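First up is the structure itself, then whatever we jot down about it.
Values in this text are rule-based calculations from the coordinates and carry no lab data. Because the structure is predicted, anything quoted here is derived from the model rather than measured. Note that we place each Cβ from the backbone using ideal geometry, even for glycine, and neighbour counts take in every protein chain shown.
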Amino acid sequence: MTKLPNTVDAQIGARVRMHRLLADMTQEQLGAALGVTFQQIQKYEKGVNRIGAGRLQDIANTLRVPVSAFFADTQDTQSISPDGSGSDITDFISSGDGLALARSFVRISDSNLRRRVVSLVEELSSSHGTPAQ
């Protein structure tokens, strides 16, 4: 019998993956920093193996994020599919386009310009991504 990952473990793992990618770090690099194999990092990211509190703190320190970054939206277990894959947002950030967009967006220092970008994207998405004719 195959055990499916716990939804919270899967979501925390997906967030670890997202923050690792945002930090431009490979599984091998994160594993080396933590003293574990990249296979162990894969298991953490898929939610197959639970991440203990001390290890989660080490991961947060290595990725330079607060531990709370891994728990955002864990109450919304509907965002995790039954197979343990991440939410739409986590999947997007983990994609090449999503990662490039996120990295570029955070480099915009003008808060008014960032808000305008968000408004533009919201407007485009409300039209279901179809260009105006």
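Some values worked out for this structure:
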read-out: Base-10 log of normalised Debye intensity for the stretch 1-58 (one unit scatterer per alpha-carbon) at q = 0.16, 0.23, 0.26, 0.28 Å⁻¹; value: -0.44, -0.89, -1.10, -1.24
read-out: Segments 118-125, 42-49, 101-108 sorted - mean Cβ within 10 Å per residue, highest first; value: 42-49, 101-108, 118-125
